[in-house]
Amino acid sequence: MINNLIKNTPWLTYVLGIIVYFIFVLNQQFSLSIVWLIFILYGWTILSILVQTYSLQSFIYALCGFGIIIAITLFFMNGVEEVPFPKGAIQFKLDGIAQALVVFFVFTIPLIIYQQKNQDQAPSQPSAKIEETYMESTQDANNLATNDDNEWEEATIEDLESGEFEPI
């Protein structure tokens, strides 16, 4: 359980950073909130590397998530304005909406490019890989059929947490 907590520490800091971001935004400190998000992104990256859970895909998701949050904040801060008459009416400001859309577009481009790159990569010699996988699976099935069940024992919780066991 502690291993799971350690592995999820970067994402916990990510969520806590977003909560603090919204506190800064509610206090009308938008510049400080942007600096805070950059600080959290670097902290998330360093923690992910330290606990060995870093991947380019997760970094792109984290970066795009921050960008989308900033775009939504810009939209509500600069693109929507409450007017006094008629009561409760709102007015949309084109400049604020354009700013929010530009930020949204810029921060979603890496995600779009990464997804497209992954879809374009075709596996090399797919028929050879399928045959190799089939051969390995049939050999594993034959090995399992020939093994005596008395030779194996059930792994305990301590064995699972230590990582020093051999799965069938």
Accessible area in square angstrom per residue, the stretch 1-92, 1.4 angstrom probe: 66 Å²
Proximal charge balance of Met1 [Cβ under 14 Å; K/R count +1, D/E count -1]: -1
The stretch 104-122 versus the stretch 1-43: alpha-carbon centroid distance in Å: 24 Å
Convex hull per residue volume in Å³, alpha carbons only, for the stretch 1-99: 114 Å³
Ranked order, Leu37, Leu5 - accessible area, probe 1.4 Å, largest first: Leu5, Leu37
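The values are calculated or read from the model by the stated rules, or taken from the named source; none is laboratory data. Since we're looking at a predicted model, the values are computed, not measured. Positions of Cβ are generated from backbone atoms using ideal geometry, with glycine treated the same way; all protein chains shown enter the neighbour counts. Surface areas here come from the heavy atoms of the whole protein model, side chains and all, with no ligands, DNA or RNA. Shrake-Rupley method; radii C 1.70, N 1.55, O 1.52, S 1.80 Å.
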